[in-house]
1. In the stretch 151-172, which residues are open to solvent by 60 Å² or more (accessible area, probe 1.4 Å), under 12 Å from LEU23 (Cα atoms) and assigned to a loop (DSSP other than H, G, I, E, B)?
2. With GLU113, GLU117, GLU82, GLU102 as the choices, which residue is of a type outside the set (A, V, I, L, M, F, W, C) and at pLDDT below 95?
3. Could you count how many residues in the stretch 104-132 are open to solvent by 70 Å² or more (accessible area, probe 1.4 Å) and closer than 19 Å to THR46 by Cβ?
4. List the number of the failed condition for LYS116; all other conditions in (1) within 25 Å of PHE165 (Cα to Cα); (2) assigned to a loop (DSSP other than H, G, I, E, B); (3) of a type in the set (Lys, Arg) hold.
5. With (1) out of contact with any Gly (no Cβ under 9 Å at 6 or more places or on another chain); (2) surrounded by 17 or more Cβ atoms within 10 Å (Cβ to Cβ); (3) of a type outside the set (Asp, Glu) as the list, and ALA141 as the residue in question, which single condition is left unmet?
Amino acid sequence: MSEKVLLLHGWGGSDYPHWQAWLAGEIAKDYGTVAFPLLDHPHFPTKNRWMKQIKALLEEFRPDVVICHSLANTLWFHLCNEGEIETVERLLLVAPPRLDLELDTIKSFFQVEPPKELFAKEAMLVTSDNDPYMTKDEAAALQQALGVEMKVLENAGHINAESGFGEWPWVLKWVKGGV
């Protein structure tokens with residue numbers, strides 16, 4: 001695998017046994033190039049700090065593939081709306097929270113408009129039919145606004161370690177271009 005993959009975690013990080021930690025290890029096992037940075041103050045993040053950090057990562061690492069989980073999707077939408085990032089080959093948006101989420105600790109990230117341009121040649125949205133942070137109707141509306149393919153998982157919660165997503169073979173197959 002010659003693509004450079006950037007994994008962006010959400011609120012609180014995605015350390016083991018989260019699927020993003022597992023995926024980083026699987027990519028590295030195949031001598032793939034992966035960046036899985038811990039963003040500043042993951043439990044008490046601020047939008048401006050994370051945006052600055054991600055812009056620097058995008059410029060330095062120049063990923064071909066970006067995979068966002070949870071709050072990282074909201075961050076990606078802000079970056080897209082700002083319009084100052086380079087286009088990537090492929091983008092996977094996993095379990096984004098609703099665009100008007102109201103939680104004090106992460107309030108600087110909300111509200112966000114769905115971007116008109118995702119800065120990706122190919123993008124896919126992956127949601128769950130019982131995600132506590134986004135309803136099925138909100139996911140359908142987001143898919144419509146973004147104009148991308150959507151995969152809906154059944155009973156997958158927030159698609160994280162707590163809902164059983166440690167090893168996730170589907171996402172590894174997606175990274176390798178097999179989905």
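1. GLU167 - this is the single residue of the stretch 151-172 that is open to solvent by 60 Å² or more (accessible area, probe 1.4 Å), under 12 Å from LEU23 (Cα atoms) and assigned to a loop (DSSP other than H, G, I, E, B).
2. Numbers: GLU113 fails: at pLDDT below 95; GLU117 fails: at pLDDT below 95; GLU82 fails: at pLDDT below 95.
So the residue among GLU113, GLU117, GLU82, GLU102 that is of a type outside the set (A, V, I, L, M, F, W, C) and at pLDDT below 95 is GLU102.
3. 3
4. Of everything listed in (1) within 25 Å of PHE165 (Cα to Cα); (2) assigned to a loop (DSSP other than H, G, I, E, B); (3) of a type in the set (Lys, Arg), LYS116 misses just condition (1).
5. Status for ALA141: all satisfied but (2).
The values are calculated or read from the model by the stated rules, or taken from the named source; none is laboratory data. Fair warning: this is a prediction, and the values are worked out from it, not measured in the lab. Heads up, the Cβs are rebuilt from the backbone with ideal geometry, glycines too, and the neighbour counts pull from every protein chain shown. For accessibility, only protein heavy atoms count, side chains too; no ligands or nucleic acids. Shrake-Rupley method; radii C 1.70, N 1.55, O 1.52, S 1.80 Å.
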